[in-house]
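Asker: Pasting a structure here, questions to come.
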Amino acid sequence: MSASGSFGVNGNKTWDGVTIPLPAKLMDIGEDPNGRWLFVQADGAITRYDFVIITKDGQASSVTQTNDGTTLIQGGAAQVAALDNEYLWVWVGGTAAGGSGSGIKGRVAANCVGGAAIYTTTTAGVADDDATAPAVKFANVVTCVTTTPAAAVELYAVDTIRLNA
């Protein structure tokens, strides 16, 4: 069962679980002024600001259109790069979380429109406002600005980020 609290949330740090004591248990919930975070383990390499899916056993991986589009899945945005099996806090939104000036970011495709709903793409970890099937919608989160080149842009959430909600 997950606990909640600050747990020393640090979205800009990873832990290898061997030489550095872990600050929390898998799937613990932490909160700070930017929103809600889940403590997870990387299931494969994760690029900084990747959108990720999180399994019920606390494994996070960069999301693509090939991920299961039929079940409710926890989504988030990694604020730090992680190697396979490293531990990290992943931002999962929250009520009025992130926003302009927060520094909470996610990777989006070129010409992604700010304020529009965003969806998975064929590029791992990257979201876009193009809902071409089999794209899966990220519920409760939008980008703050429109971007011309592909970029990491600030995110705003109205609730916890979900896929297929």
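Values quoted throughout were computed directly from the atomic coordinates according to the rules given, and no laboratory measurement underlies them. Treat the numbers as computed from the prediction; the structure is a model and nothing was measured. Note that we place each Cβ from the backbone using ideal geometry, even for glycine, and neighbour counts take in every protein chain shown.
Asker: If a residue must be assigned to a loop (DSSP other than H, G, I, E, B), buried (at least 23 other Cβ atoms within 10 Å of the Cβ) and either out of contact with any strand residue (DSSP E or B) (no Cβ under 6 Å at 6 or more places or on another chain) or of a type in the set (Val, Ile, Thr) (or both), how many such residues does segment 38-78 contain?
Answerer: Count: 1.
Asker: Here's something else I'd like to know. Find the residue count for segment 116-159, including only residues that are assigned to a loop (DSSP other than H, G, I, E, B) and either within 17 Å of GLY94 (Cα to Cα) or not small (Gly, Ala, Ser) (or both).
Answerer: The total comes to 15.
Asker: Tell me the residue from ILE29, ILE20 that is over 20 Å from VAL153 (Cβ atoms) and surrounded by 18 or more Cβ atoms within 10 Å (Cβ to Cβ), please.
Answerer: The unique qualifying residue is ILE29.
Asker: Can I ask one more? Being among the charged types (D, E, K, R), within 26 Å of LYS13 (Cα to Cα), touching a Leu at 6+ places or on another chain (Cβ under 9 Å) and assigned to a strand (DSSP E or B) is true for just one of ARG107, ARG162. Which residue is that?
Answerer: After ruling out the rest, the residue left standing is ARG162.
Asker: I'm told LYS137 meets every condition in (1) over 22 Å from VAL9 (Cα atoms); (2) crowded, with 23+ Cβ neighbours inside 10 Å; (3) among the charged types (D, E, K, R) except one. Can you identify the failing condition by its number?
Answerer: Status for LYS137: all satisfied but (2).
Asker: Of the residues that sit in segment 88-129 and are more than 18 Å from ALA60 (Cβ to Cβ) and among the hydroxyl-bearing types (Ser, Thr, Tyr), which one is surrounded by the most Cβ atoms within 10 Å (Cβ to Cβ)?
Answerer: TYR119
Asker: Within the group GLY101, GLY94, which residue is within 14 Å of the chain's Cα centre (by Cα) and small (Gly, Ala, Ser)?
Answerer: The match here is GLY94.
Asker: State yes or no: is ASN67 farther than 18 Å from VAL153 by Cα, out of contact with any Gly (no Cβ under 6 Å at 6 or more places or on another chain) and polar (S, T, N, Q)?
Answerer: Against the criterion (farther than 18 Å from VAL153 by Cα, out of contact with any Gly (no Cβ under 6 Å at 6 or more places or on another chain) and polar (S, T, N, Q)), ASN67 qualifies.
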